[in-house]
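For reference, the structure discussed in these notes is given below.
The values are calculated or read from the model by the stated rules, or taken from the named source; none is laboratory data. Here the structure is a predicted model, which means the values were calculated and not measured. Every residue, glycine among them, receives a Cβ derived from its backbone with ideal geometry; neighbour counts consider all protein chains shown. These accessible areas exclude ligands, DNA and RNA; they are computed on the full protein's heavy atoms, side chains included. Shrake-Rupley method; radii C 1.70, N 1.55, O 1.52, S 1.80 Å.
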Amino acid sequence: MRWHPYLQVRQNGDYMAKTVVMDHPLIQHKIGMIRRTETGTKDFRQTIGEIANLICYEATRELKLADVEIETPICKTTVKELAGKKLAVVPILRAGLGMVDGILQLIPTAKVGHIGLYRDPETLEPVEYYCKLPEDCDQREVFVVDPMLATGGSSVAAIRMLKEKGCKSIHFMCIIAAPEGVERMQREHPDVDIYIGALDEKLNDHGYIVPGLGDAGDRIFGTK
């Protein structure tokens with residue numbers, strides 16, 4: 001894993017928030033697969049989950065551990081197990097759903113919340129239409145997931161909603177990001193870690209990431 005030169009570690013009080021662009025060969029190979037126009041719905045959906053699994057592996061690298069004494073078939077010994085806060089995964093509907101199963105393969109005990117947003121056609125700002133979170137979400141380490149970080153409007157709004165509900169330990173995971181969206185996330189949520197599969201060139205005039213992969217939700221669910 002390397003630090004992308006465009007990004008940095010941000011000091012926010014006592015916490016050093018990170019923006020990490022993955023450089024793992026498997027992640028880059030699989031992202032190349034989903035960029036292709038000819039990749040069908042089944043393969044696209046499956047590969048999105050596989051990439052989410054790999055990004056989650058890196059994003060959970062700094063989870064706290066505790067020593068626990070156990071007994072093996074041979075003798076007693078001390079092993080490591082996860083300590084501290086429990087985890088929650090919160091996809092931004094609808095495309096974020098495509099990342100959930102891949103994450104739950106690694107963290108099967110995580111609870112799952114859902115946040116639904118749509119863009120107001122006049123103000124172009126995100127509007128909440130659905131929010132269902134675990135009752136103890138404010139006591140959990142929360143991973144917000146969305147395949148695409150374009151303008152940053154939806155992710156910024158979703159994280160703001162979580163903070164209003166008392167969540168304090170929040171991380172954001174996406175597969176492809178535009179610099180514009182990353183800058184907005186860093187500016188409006190300087191205390192949130194951001195994990196990115198690939199950082200693309202820019203947004204076009206229609207707000208799509210270039211080169212991107214098109215509409216992730218449509219390609220995951222086979223809609224247009």
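Considering only residues of the range 190-205 that are free of Cβ contacts under 8 Å to residues at least 40 places away in the same chain and closer than 14 Å to Leu149 by Cα, which is farthest from the chain's Cα centre (by Cα)?
Start the filter on the range 190-205 by keeping residues that are free of Cβ contacts under 8 Å to residues at least 40 places away in the same chain, which leaves 200-202, 204-205.
Among the residues that remain, those that are also closer than 14 Å to Leu149 by Cα are: 200-202, 204.
On the way: Asp200: 16, Glu201: 19, Lys202: 19, Asn204: 23 Å.
Once the filter is applied, the top-ranked residue is Asn204.
For the structure I just gave you, tell me whether Gly222 is open to solvent by less than 30 Å² (accessible area, probe 1.4 Å), among the small types (Gly, Ala, Ser) and touching a residue at least 40 places away in the same chain (Cβ under 8 Å).
On the way: open to solvent by less than 30 Å² (accessible area, probe 1.4 Å): no; among the small types (Gly, Ala, Ser): yes; touching a residue at least 40 places away in the same chain (Cβ under 8 Å): yes.
So Gly222 fails the test.
Do we have Leu97 as in contact (Cβ under 8 Å) with a residue 12 or more places away in the chain, surrounded by 12 or more Cβ atoms within 10 Å (Cβ to Cβ) and over 20 Å from Ser155 (Cβ atoms) here?
Numbers: in contact (Cβ under 8 Å) with a residue 12 or more places away in the chain: yes; surrounded by 12 or more Cβ atoms within 10 Å (Cβ to Cβ): yes; over 20 Å from Ser155 (Cβ atoms): no.
No.
Determine which single condition Gly102 fails, assuming it passes every other condition in (1) at pLDDT 95 or above; (2) in a helix (DSSP H, G or I); (3) over 25 Å from Glu50 (Cα atoms).
(3)
Restricted to the range 105-116, and to residues that are open to solvent by less than 40 Å² (accessible area, probe 1.4 Å) and outside any strand (DSSP E or B), which residue is farthest from Ser154 (Cα to Cα)?
Looking at the filtered set, the residue picked out is Ile107.
Looking at Gly212, Gly197, which one is at positive phi and open to solvent by less than 50 Å² (accessible area, probe 1.4 Å)? Lay out the reasoning, then the answer.
On the way: Gly197 fails: at positive phi.
Testing whether each residue is at positive phi and open to solvent by less than 50 Å² (accessible area, probe 1.4 Å) leaves just Gly212.
Could you grab the pairs with beta carbons closer than 6 Å, sequence gap of 6+ or different chains, first residue in the range 23-48 and closer than 14 Å to Ala95 by Cα, second one open to solvent by 50 Å² or more (accessible area, probe 1.4 Å) and assigned to a helix (DSSP H, G or I)?
Thr47/Met33
Of the residues Pro147, Pro121, Pro179, Pro126, which single one is in contact (Cβ under 8 Å) with a residue 12 or more places away in the chain and over 24 Å from Met33 (Cβ atoms)?
On the way: Pro147 fails: over 24 Å from Met33 (Cβ atoms); Pro121 fails: in contact (Cβ under 8 Å) with a residue 12 or more places away in the chain; Pro179 fails: over 24 Å from Met33 (Cβ atoms).
Residue meeting the stated conditions: Pro126.
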